[in-house]
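Scroll down for the structure; my scribbles are underneath it.
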Amino acid sequence: MSTPGLSGGGEGPGTLTVASRLSGYLRGGGILIPVLTALIAFAVGGLVVLATGSNPIDTYKAVFDGSGLNWFFPWISSDDRSLAALNLQQTLLLTTPLILVGLAVAFAFRAGLFNIGGQGQYIVGSIGAVWIGSSFDGMPALAHIVLAIVAACVFGGVWAGIAGFLKATTGANEVISTIMLNYTALWAGVYLFGLGGPLQSSDPAQRSIPVSNDVLESARLPVFWGDPELQGLHIGLFVALVVTVLFWVLLNRSVTGYEVRAVGFNPDAAEYGGIHAGRSYVKVMVICGAFAGLAGALDVLGWQFRVATNDIQVSQVGFFGIAVALLGRNTAGGTVIAALLFGALISGTSVRNLDPSVFEPQLATNLTYIIQGLVVLFVSAPVLVTSVWGLRRRLGFGRARGAQAG
Amino acid sequence: MSAGSDVAGTTAAGTGGDGGSRLRARLARVPRAAWLGWAGVALGLLAFYVVLPPLLIRSMAPSFVLAAGGLGLGVAALRAGEKRVGWGAVVACIAGAAGAYGAVSSGVGNLERVVVWSALLAAALRYATPLTFAALGGVTSERAGVVNIGLEGMMLTGAFFGAWGADVTSSWVGGIVIGLAAGGVMGLVHAIFAVTLRADQIVSGTAINFLALGITGYLYVKIYGDQGTPDDLPEIPDVQLPIGWIPFLGDALEQLNLMVWLGLLCVAALSIFLFRTPQGLRMRSVGENPLAADTAGISPIRVRYRAVIVSGALAAMGGVFLSIGFVHSFSQNMTLGKGFIGLAAVIFGKWKPGGALAAAVLFGFASALAQRLPVFSPTTATLFQALPYVLTLIAVAGLVGRSRAPAADGVPYERW
Amino acid sequence: MNVLYGLHQPDEGEVLLRGESVRIGSPREAIGLRIGMVHQHFMLIGVMTVAENVVLVSEPRKGALLDRDAAERRVRELSERFGLVVDPRAHVEDIGVGQQQRVEILRVLHRGADVLILDEPTAVLTAQETAELFKVLRALTAEGVSIVFISHKLREVLEIADRVTVLRRGKKVGTVDAEGATEASLAKLMVGRDVLFRLEKDTSKVAGPILEVGALDVDDDRGLPAVRGLSLQVRAGEIVGLAGVDGNGQSELVEAITGLRVPRAGHVRVGGRDITGTGVRGALRAGVGHIAEDRHRRGLILDFSLAENLALREYRRAPLSRLGLLSPKRMTQQAHPLLERYDVRGGRPETPAGSLSGGNQQKCVIARELAEEPQVTVAAQPTRGLDVGAIEFVHRRLLEQRDAGRAVLLVSLELEEIRALADRVLVIYDGRIVAELSPAATDEEMGVAMLGGGRAPA
């Protein structure tokens, strides 16, 4: 027999959902807050660099050059330009999946859900893509690519859908279930492509290498900039950008988006409007899974062309997606820009691109993780960033809270 | 007016005052159908056990009979309304039969090599120890009402600073101390954000994981560069017990690392603290209903700070064991998700230290088997690695009893 | 009371305790001053036992450990002494509400309180439990404990109190000895006569029933019956006021009518159509408008813009959406005239609803509901928290609906409001309609009916 008044926490202005908690961050200040957040994160990162004996300015400049973003600037010499071009291709290659995984997290946040499962959904998507991509020899290119992509999206959608379904039916916390699904996907991948696994390469030369079959030529995405032999930039970038637009349309111009956002902000009022929270959760997770799965597909079909168990285990793309979404305030445009920033950071600090005489690439990779951590940390408590510059009142935070209380 | 005469809804608590009668009371409350279900589970496990050493029955028949019987009991339990145990029995029997089939099809030699129960138990305990510490950290934090997703990062922090500390102080004790302190600092960061700044606890926990990855990696590369941690890193010693003569347990427990025993000790200590001391009572009340605790005069803020800092230290201990007690070195991201398995153990163990330990040992067992299974088939070994996560998924979905966190878990506290 | 217990700080004035002026900064200090409070919503930990809850923070110890046996003994001791029968070993979540309250009182007594504040203690008790509570309270006062008994159940107040102080809107209206007072005299003090702008009301032209509720049984969130066999009718062209003290089933009734809650038995018909159990969409289609009692929880999505909020009922249909795609432009277009007609100030269609004042937020809700000209409007506490101007506005709009030949069910805790608007007044108590009165009925009649007395409905 349940009893009144035993709920924890007492009475307040009502449960604040994830979306509404983050909405203050979303609404206030436009682009100012994310820029500020990033700057402060970089500044703290710079302090770390300084504290361990290197020059932060030089370091960041080297990272910048390594990312190829200097290609956009006219004051660069033509030799450096071709190097910068290569670097920029790398950056954009990395940006592509980051955009999509970022969208996978952002969409969930807007709907009041925490999708930490981007990594698992990405893995599952890449499994689907490599499986279809390495089968069906002789298929026409367009059909093959489309089929592989669809498979990846379906796999990813189903994978995420499990978490959504569990939340809708049993109330299982999606944070825990998506994290668990991440690792399940990881080990499933290692199993599938491991030695003797069902999807391990059937090439006798690769008998002892835990890797999948290669993606067939017909399924590979065309490269539009750079040399395909040297990992040129494939059209996946455009796919990602198109999907970004789709994300925006879905969220802001569709009935589903309206419902999903309503549930995200206030499930009670949404119920009042006749919207079913549980169904919304499943829909949202499936869509998010499709986004992340697509990211996996684009990587596999665009430049990886095979999946090795080692790749699966070191990949961090899904986790970067969380930082990307949060920094980008869970919006379409913000996600793209944040994805570019992190893509630049990751490629600029990679062994390939970073000048080791200025800063050790291994150190730089970890610096990236630190910056990522700082960004997410500051986002978790926006009050910290805004109060630093006394922006609270100016941006209407105080007003909003006051109105909510009465 | 005498007490007890008109009290309705009392539990069958009996009149004894000791733990034994409480246990009896709890057992008395289990409905008959549930006993059927548990018997079914037992039969399923037995079906698998008989084909393994030392019994090594080389035919499927007995296993089949046992599993079928257990299945029947499970179905009976289901029909009597005991869903959880009933399904548990069904699953156990199917799994047991499948396992029996696998074992019978394998060579006796292989079986005897892998299924050395005492060695398995010892290995399970060893694998379980980092998980145990992480889980204890999780229990501490969540019992006070703060979700700690950052266990993974705190563990990694402990792993690095434990190794570095041991190196710098040339003693494993120094390593432990420094590792603990580092974990506590990470806990403090989480506490500041989660409790004072009322940040979203999941997000700040995730941030801690990234930060830990970056900071430990950065410092590792900076300090140890190419060569890695020194080969002569001080190690946490094993504890030699002169109990080799005891048939099974003796072999298993004869030589275990100090940290394994420390872990068990901590489980007992935390259990006592939570459920038998006043401070533990207060901490739990903060986790269940901070407003009620506040009105009783407890400071939820202070309690939560303490809990989260301790949780960081505990998780770090797990990492310290990993680096200077188990692997004897540090490598980047060496925890590889063990912190999350620890979190899984918390949920699986229903937020009790003892339950978390049981879950951790279960997961450790899976890891130990996974280590040895490559003898049979490397591929199934990998699948075993996924077992802890799948089990937790099932637990979270409420299929293994009510998985109920402390009521105010994850909700930042502000007084209206 | 929260001030006395240290949960709030006063802006002005002083508190004298045992002759000395005190400042109580926290519950801990209040407890130190031997003030104890039993809140309306219990401050108990469900998963812990009675004994654990009682001794929390003043736990008896055995060395470093909690002395459970001593705790249980203490509970039994206090139980004996004050007649608060409860099993110390039981888990609080397993015992009944009446017993939980006893645990709360025991907790307070264990800390040595001699000033006891009880906030609406009988709100959740049965008659039997109330009688037992009173026995306890008398035993306490016999031992010298001072008790502040907060309640709006006048009969009980008269039964248990020595002196009665009446508060209204934060001000003290008067203190009388319980000796000479009657329910009627107290009711008059309580209900009073507030000066509210009285609107001109035409005589109603009533036609056939639009809303018909028959033998409705609705359970609350706890699974207990909140509405018992309730029947009522609202006819075209009339406003029916539902008066009653909060917590007598009004919320559940409203939710059942508007489709937010499925009744266990009985039916709800609108315009002849049975909408029982058809959910919100069913009610919507039948023409039920719902002005929710909590505009922040159910009425509005504060993070949505005004236009988006205004579309909350209609967003699925053309012209706001076609083929699954929404048109924000059309939402804005539709919003403009609504905002103007309903005088919503403080924002444009793009403004987030959260930045509007309470009054304007409510106007927005009303705009959404009434603009569709629903056959029956269920208005629950429509003027809660609003200033006089906004209140007048809301009343005017409701009268408009009535004059246009539609039905309005007004559920309100403010008797003045009901008097001003209703053509008929129904009084709800304990989930049933216990009286049907005219709005011209006296305060005493209304008050008495609301508090459990009164004649059965016609």
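The values are calculated or read from the model by the stated rules, or taken from the named source; none is laboratory data. Note that this is a predicted model, so its numbers are computed, not measured. We place every Cβ from the backbone using ideal geometry, glycine too, and count neighbours over all the protein chains shown. Just so you know, the surface numbers come from the protein's heavy atoms only, side chains and all, with ligands and any DNA or RNA stripped out. Shrake-Rupley method; radii C 1.70, N 1.55, O 1.52, S 1.80 Å.
The table below gives the values:
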item: Accessible area of chain C belonging to carbon and sulfur atoms, whole % at 1.4 Å probe; result: 48
item: Dipole of chain A [Lys/Arg +1, Asp/Glu -1 at C-beta], most positive-end residue of A:Phe305, A:Leu86, A:Leu50; result: A:Leu50
item: Nonlocal amide H pairs with C:Ile117, under 5 Å, H built at 1.01 Å; result: C:Gly36, C:Met37, C:Val38, C:Val148
item: Net dipole in debye of the protein assembly as shown [+1 Lys, Arg Cβ; -1 Asp, Glu Cβ; about Cα centre; nearest 20]; result: 1200
item: Chains A and C together, accessible area buried on both sides, 1.4 angstrom probe, square angstrom; result: 3500
item: Shielded by partner chains, the range A:236-262 residues - at least 50 Å² of accessible area, 1.4 Å probe, vs chain alone; result: A:Arg253, A:Val255, A:Tyr258
item: Residues whose placed amide H lies under 5 Å from that of C:Gly229, excluding near-sequence neighbours; result: C:Leu216, C:Asp217, C:Val218
item: Accessible surface, 1.4 Å probe, highest first, among residues B:Ile301, A:Ile40; result: B:Ile301, A:Ile40
item: Residue with peak Gaussian network fluctuation, chain B [Cα springs, cutoff 10 Å], from B:Arg58, B:Arg143, B:Arg304; result: B:Arg58
item: Accessible area per residue, Å², chain C with all protein chains present, probe 1.4 Å; result: 43
item: Where only alpha carbons of chain C are counted, the Rg and the Dmax (Å); result: 25.2, 79
item: Peptides ranked, highest mean first, by Cβ atoms within 10 Å: ranges A:53-64, A:126-137; result: A:126-137, A:53-64
item: The range B:223-258: chymotrypsin sites (Phe, Trp or Tyr not before Pro) in DSSP coil with no more than 14 other Cβ atoms inside 10 Å; result: B:Trp245, B:Phe248
item: Whether the range C:12-64 is rounded, prolate or oblate, judged on the alpha carbon gyration tensor where a/c under 1.5 counts as rounded; result: oblate
item: Prolate/oblate/rounded label for the range B:156-291 (Cα gyration tensor, a/c 1.5); result: oblate
item: Shielding by partners, peptide C:45-51 (average Cβ within 10 angstrom, other chains); result: 6
item: Length-normalised contact order for the range C:1-89 - Cα pairs under 8 Å, 6+ apart - percent; result: 20
item: Chains B and A together, accessible area buried on both sides, 1.4 angstrom probe, square angstrom; result: 4300
item: MRE, 222 nm, helices only [DSSP H, n ≥ 4, -39500 (n - 2.57), over chain B, to nearest 500]; result: -22000 deg cm²/dmol
item: Chain A, relative contact order in percent, only Cα pairs under 8 angstrom and at least six apart counted; result: 30
item: Accessible area expressed per residue, chain A, with surrounding protein chains retained (probe 1.4 Å, Å²); result: 38
item: Cβ-based net charge around A:Gly164, under 12 Å, with every Lys or Arg adding one and every Asp or Glu removing one; result: +2
item: Apportionment of accessible area to carbon and sulfur, chain A, percent (1.4 Å); result: 65
item: Under Karplus coefficients 6.51, -1.76 and 1.60, residue-wise ³J(HN,Hα) of the range A:201-208 in Hz, glycine/proline x; result: 3, 8, 6, x, 5, 10, 3, 9
item: Per-selection Rg to Rh, the range A:120-180 - Cα, Kirkwood hydrodynamic radius; result: 1.16
item: Chain B, Rg to Rh (Cα coordinates; Rh as Kirkwood inverse mean 1/r); result: 1.01
item: Diffusion coefficient, µm² s⁻¹, Stokes-Einstein with Kirkwood Rh over alpha-carbon pairs of the range B:242-327 at 10 °C and 1.306 mPa s; result: 103
item: Chain B, dipole about Cα centre (Lys/Arg Cβ +1, Asp/Glu Cβ -1), debye to the nearest 20; result: 1380
item: Accessible surface buried upon B-C contact (total; probe 1.4 Å; Å², nearest 100); result: 3400
item: For the range B:33-117, alpha-carbon Rg relative to the globular expectation (2.2 N^0.38 Å, N residues); result: 1.12
item: Spatial extent of chain A: Rg and Dmax, with the Cα atoms as the point set, Å; result: 22.2, 78
item: Environment charge at B:Arg306 (Cβ cut-off 13 Å; Lys +1, Arg +1, Asp -1, Glu -1); result: +4
item: All Cα pairs of the protein assembly as shown, percent lying beyond 64 Å; result: 15
item: Acute angle (nearest 10 degrees) that the helix C:358-371 long axis makes with the longest principal axis of chain C, alpha-carbon atoms; result: 40
item: Qualifying GluC sites (Glu not before Pro) for the range C:76-165 [loop in DSSP, other Cβ within 10 Å: at most 16]; result: C:Glu143
item: Occluded residues from the range A:265-279, i.e. those whose accessible area drops by 20 Å² or more once the chain is not alone (1.4 Å probe); result: A:Phe265, A:Asn266, A:Asp268, A:Ala269, A:Glu271, A:Tyr272, A:Gly273, A:Gly274
item: Kirkwood hydrodynamic radius of the range C:209-450, from inverse mean 1/r over distinct Cα pairs, in Å; result: 18.2
item: Chain C - charge dipole about Cα centre, Lys and Arg +1 at Cβ, Asp and Glu -1, debye rounded to 20; result: 1220
item: Most to least accessible of B:Ser141, A:Ser357 (protein chains only, probe 1.4 Å); result: A:Ser357, B:Ser141
item: Minimum 30 Å² accessible area buried by the other protein chains, the range A:349-380 residues, probe 1.4 Å, relative to alone; result: A:Gln362, A:Leu363, A:Asn366, A:Tyr369, A:Ile370, A:Gly373, A:Val376, A:Leu377, A:Ser380
item: Rg [Å, one decimal], Dmax [Å, integer] - the range C:15-150, C-alpha atoms; result: 14.7, 44
item: Percent carbon-and-sulfur accessible area, the range B:236-324, ignoring ligands, DNA and RNA, probe 1.4 Å; result: 70
item: Sequence-separation-based contact order of chain B, relative, with Cα cut under 8 Å and 6+ spacing, percent; result: 23
